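Structure record follows, encoded as structure tokens.
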Amino acid sequence: MKAPIPTYAVNLSTLERKLYPSINVAARHLDFHVDTVRIHLNNDTPYNGWYFCPASDIEAKTERIRFLSDKWKKEGMPVKQRNTTKPQESLVSLRIDSHTVIMVPPEKATPEYAEQYRQKLLKNSRKY
């Protein structure tokens, strides 16, 4: 088992530093997932207004912290991207043959469309 890594969490808005005895404790206290904190600590990137740094590196990272704090104050909290994909329309199943069922929009669930699709499958199967 690895020894815990004392970790600083720096609030980029206030530059307040908090020393935690481990990454796990820092994550738990700030209500972040431990893997998220570990990833951002290893990648040297901020997360949600916080910057994580091993206690041994805090003095060497002073300029980086100041830069990130200025950037944070200037740009603010990044806006999370909303899912821009359209909601998937409801689909219904359409039996093509005894072994094939496809999902189609309700307006295509007709015997005529099933026959067209069956012909398309037969045409493509002959190519090989």
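Taken together, the values in this text are just the output of simple stated rules run on the coordinates, not laboratory data. These numbers come from a predicted model, not from an experiment. Virtual Cβ from ideal backbone geometry, glycine too; neighbours counted across all protein chains shown.
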Cut-off 16 Å (backbone N to label point 7 Å along Cα→Cβ of ALA60), residues of segment 6-31: 6-8
Going Cα to Cα from LYS108, which aspartates and glutamates come in below 14 Å? Please leave out same-chain ones fewer than 8 positions away. GLU89
The simple spin-label model distance between HIS33 and HIS99, using points 7 Å out along Cα→Cβ, in nm, is 4.1
For the chain, built as a Gaussian network whose Cα springs stay under 10 Å, the top-fluctuating residue of GLU107, GLU59, GLU16: GLU107
Rank LYS108, LYS71, LYS18 by mean-square fluctuation in a GNM of the chain with C-alpha springs under 10 angstrom and give only the top-ranked residue. LYS108
